[in-house]
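The values are calculated or read from the model by the stated rules, or taken from the named source; none is laboratory data. Just so we're clear, the structure is a prediction, and the values are computed from it rather than from any experiment. So basically every Cβ, Gly included, is an ideal-geometry build from the backbone, and we count neighbours across all protein chains shown. Note: areas computed on protein heavy atoms with side chains; ligands, DNA, RNA excluded. Shrake-Rupley method; radii C 1.70, N 1.55, O 1.52, S 1.80 Å.
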Amino acid sequence: MTAGSSEGGGIAGRPIVALDTSTDRTLVVLGYRDGRIREAALAASSRRHGTGLVPAIRDLLADAGLSLADLGAIAVGIGPGSYTGIRIGLTAAKVLAHVAGIPLLALDSLEAMAHSAAPPAGTRRLVVAVDAQRGEVYTAAFEPAGPELRPSRLSPTEIVGLEEWRSRLEPGDHVVSPSFERLGLNPAAGVTRENSENGLPGAAGLVGLAWAVAVDGATVDPFAVEPCYLRRSAAEEKRALETHS
């Protein structure tokens, strides 16, 4: 990562585009430093991320009378989540940032969900959980913060078994997840939860996290940044087994 100034390395004076394709929904947001946002949420399966993403960015900028060159940065969720979606989103962001010659910001997709959450008063921890399949979840815990502040990380983003994840929940936790129905999550007594619609990264939360990262000066090299998969895909694991058998 390359360090910028406390004002976001010159980013703060111009709008940014933030996008996340780690779930079944493609979310693209144009955000200004004064809090104004324009969003394009494409409710589509990961199979359509590739066909809808770049046109959504193009149309969002055109509607605002902007071009790529007018942006201060492009921010992208790098996962964990959908392997295909993350790869498509990150590739598009890398190419656009390189072509326009503007900074690229890498966002933890689970942190974006935490930044979008609306926990009740008295919440001790924000616990994000996303279905990783095979009886596992992607998860991370954060200390709640105000709407303009970046949540403080309490645990790393990791992949754990569902039963182990359940055993970690404690009274005062607020669970954020788009996967309650798929995982059959029934939080213990004293644990609150957000419904599945609110468990996705929200436009304000996504761009809010992007601004927080920009102010930290945490830009990344488009040629070096990699997706946060946390494990190999099923196909890769199968090939590895066949290679060593």
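Quick look at the numbers
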item: Segments 60-72, 115-127, 97-109 sorted - mean Cβ within 10 Å per residue, highest first; result: 97-109, 115-127, 60-72
item: Distance between region 111-130 and region 153-185 - C-alpha centres, whole angstrom; result: 11
item: Contour minus Cα-Cα distance for residue 59 and residue 155 (0.36 nm per residue); result: 30.8 nm
item: Approximate spin-label separation residue 192-residue 14, in nm, with each point projected 7 Å along Cα-to-Cβ; result: 4.0
item: In Å², nearest 10: area of residue 130 left accessible to a 1.4 Å probe; result: 10
item: Inter-label distance, nm, simple model (7 Å from Cα along the C-beta direction), residue 69/residue 181; result: 4.7
item: Calculated FRET value between residue 34 and residue 168, using beta carbons and R₀ = 51 Å, to 0.05; result: 0.85
item: For region 162-179, Karplus couplings with θ = phi - 60° (6.51, -1.76, 1.60), whole Hz, Gly/Pro x; result: 4, 5, 4, 4, 4, 5, 7, 5, 9, x, x, 7, 10, 8, 10, 7, x, 10
item: Sequence-distant residues sharing a close amide H with residue 23 (under 5 Å, placed H); result: 82
item: 5 angstrom amide H check on residue 125, placed H, neighbours 5+ away; result: 173, 174
item: Phi to ³J(HN,Hα) by Karplus 6.51 cos²θ - 1.76 cosθ + 1.60 over region 65-82, Hz, x for Gly, Pro; result: x, 10, 10, 4, 5, 7, 7, x, 5, 10, 10, 9, x, 9, x, x, x, 4
item: Most to least packed among 174-183, 18-27 [average Cβ atoms within 10 Å]; result: 18-27, 174-183
item: Loop-located trypsin sites (Lys or Arg not before Pro) in region 127-166, at most 16 other Cβ atoms within 10 Å (DSSP); result: 134
